[in-house]
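Here the structure is laid out as structure tokens; the discussion comes afterwards.
The values are calculated or read from the model by the stated rules, or taken from the named source; none is laboratory data. Quantities reported herein were computed from a predicted structural model and do not represent experimental measurements. Note that each Cβ is placed from the backbone with ideal geometry, even for glycine, and that neighbours are counted across all protein chains shown. Remember, those area values only see protein heavy atoms, side chains included, never the ligands or the DNA or RNA. Shrake-Rupley method; radii C 1.70, N 1.55, O 1.52, S 1.80 Å.
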Amino acid sequence: MTQQQRSGDVDPAEVKRRIGPIGVWTGVLGGQSAEFGRNVAAEVEELGYGALWVGETARYKEALVHSAILLGATRRLVVATGIANIWVRDATAAANGANALAEAYDGRFLLGLGVSHAPLVSSRGHDYGRPLAAMRSYLDAMDETEYDAPL
């Protein structure tokens, strides 16, 4: 279980309030330059949206690094992965990465996870046979991850 979960710092109602009723999702921003992404994130924030959701593909920026680039260009905007593929990083890396981003950016990072699609998972050398069981195991492993940096 993460320190954030143990301490009860995550309030779902507060997260819902911060992201607001309408956000912006893009699946192609990761294929643009970091400068372009920073400018888009700043504009999304300026327009008053609460959240910017970014997708992850094998051809674009890694989801957590991409989120850090976007978070660094904003002051209030929540950046969320929609979705980060569980087959791309192990559960410890996902938990620690998400906690580090939440710590560095005042709780403005949301980690959305998914199991992706069989052809994409197979192309990375994994067996997609039981995606629900894989997600359950992944979430259990995330819960067991200890994050000792301050939140």
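For this structure, a couple of remarks:
- Alpha carbon centroid spacing (whole Å) that separates region 111-150 from region 58-101: 14 Å
- Across region 15-66, the mean sequence separation of Cα contacts (distance under 8 Å, 6 or more residues apart), normalised by length, yields a relative contact order of 48 percent.
- Cβ crowding within 10 Å averaged over residues, with 122-129, 48-55 ranked highest first: 48-55, 122-129
- Put a plus charge on the Cβ of each Lys and Arg, a minus charge on the Cβ of each Asp and Glu, and nothing anywhere else: the dipole of region 43-151 about its Cα centre is then about 400 debye.
- When the Cα gyration tensor is reduced to axis lengths a ≥ b ≥ c, the ratio a/c is 1.5 or higher for region 72-117, and with a/b not above b/c it is classed as oblate.
- Only protein atoms count toward the accessible area here, which uses a 1.4 Å probe; on region 40-151, the carbon and sulfur part of that area reaches 53 percent.
- In region 45-151, the convex hull through the Cα atoms has an average projected area of 7.1 nm², a quarter of its surface area.
- Peptide packing for 75-83, 100-108 was compared via the average number of neighbouring C-beta atoms within 10 Å per residue; ordered from the highest value, the list is 75-83, 100-108.
- Dipole orientation for the chain: of the candidates ALA91, GLY107, GLY125, GLY125 has the Cα lying most toward the positive pole (charges on Cβ; Lys, Arg +1; Asp, Glu -1).
- 1.4 Å probe accessible area per residue over the chain, in Å²: 56 Å²
- Taking a ≥ b ≥ c as the square roots of the eigenvalues of the Cα gyration tensor, region 99-151 is prolate, since a/c reaches 1.5 or more and a/b is larger than b/c.
- Note on GLU46 and ARG124: the model spin-label points, each 7 Å out from Cα along the C-beta direction, lie 3.5 nm apart.
- Working from Cα pairs under 8 Å separated by at least six residues, relative contact order for the chain is 25 percent.
- Expected 222 nm ellipticity per residue - DSSP helices of 4 or more, -39500 (n - 2.57), all of the chain, to 500: -13500 deg cm²/dmol
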